Amino acid sequence: MNKLFFLPSLGLCLVLAQGATAGQEPTLNDRATTLTQQIAQKVPLNEAQFVKVRRLNLQFLSTTQDLKTRLADNPGALDQQLAELQDRFDWEMAAILWPRQMTAYRQSRTNMTALGSSSER
């Protein structure tokens, strides 16, 4: 399983190193890959799950960026849309991960934030 993530990790390091030397911000693709690798460190993923979670992270980051741009002048609507987006993300993650993995994912998210989401009661 470690070999599965070695090549993507190596590729990410090279991409991030090139971006850092050029002084560029990481792209959404880079951020999605990094986020997925962080999840994979806490919740072991098989290759198919890694691809699906990365795609989901990319969609989440892209939609978040779009919402922040479109709703910059309406913080209440932005908060509501971001909460709904997070709920959809969690629902999609539950469809990708096995129950034991989902429990570990929720536990790691709760440990990373002061409060877990309301759906984790």
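Sorting SER108, SER62 on solvent-accessible area from highest to lowest, probe radius 1.4 Å, gives SER62, SER108.
Which listed residue (GLN59, PRO44, PRO75) has the Cα farthest towards the positive end of the charge dipole for region 28-119, taking +1 on Lys and Arg C-beta and -1 on Asp and Glu C-beta about the Cα centre? My answer, from the dipole projection, is PRO44.
Between LEU28 and THR110, the contour length at 0.36 nm per residue exceeds the alpha carbon distance by 27.1 nm. Note on ASN46 and MET102: the extension gain reaches 18.8 nm, defined as 0.36 nm multiplied by sequence separation minus the Cα-Cα distance.
Dipole size of region 28-119 about its Cα centre, with +1 on Lys/Arg Cβ and -1 on Asp/Glu Cβ: approximately 320 debye, rounded to the nearest 20. For THR69, the solvent-accessible surface computed with a 1.4 Å probe is close to 100 Å², ligands and nucleic acids excluded.
Using a probe of 1.4 Å, the accessible surface attributed to LEU35 totals some 60 Å² when neighbouring protein chains are kept in position. Among the protein heavy atoms, those of ASP87 account for about 90 Å² of accessible surface (1.4 Å probe, every chain in place). When you restrict to C-alpha pairs under 8 Å that are six or more residues apart and normalise by the size of region 28-119, the relative contact order lands at 32 percent.
The values are calculated or read from the model by the stated rules, or taken from the named source; none is laboratory data. The shown structure was predicted, so the numbers you read here are calculated from the model rather than taken from an experiment. Neighbour counts run over all protein chains shown; Cβ positions are idealised from the backbone, glycine included. The accessibility values were calculated without ligands, DNA or RNA, using every heavy atom of the protein model including side chains. Shrake-Rupley method; radii C 1.70, N 1.55, O 1.52, S 1.80 Å.
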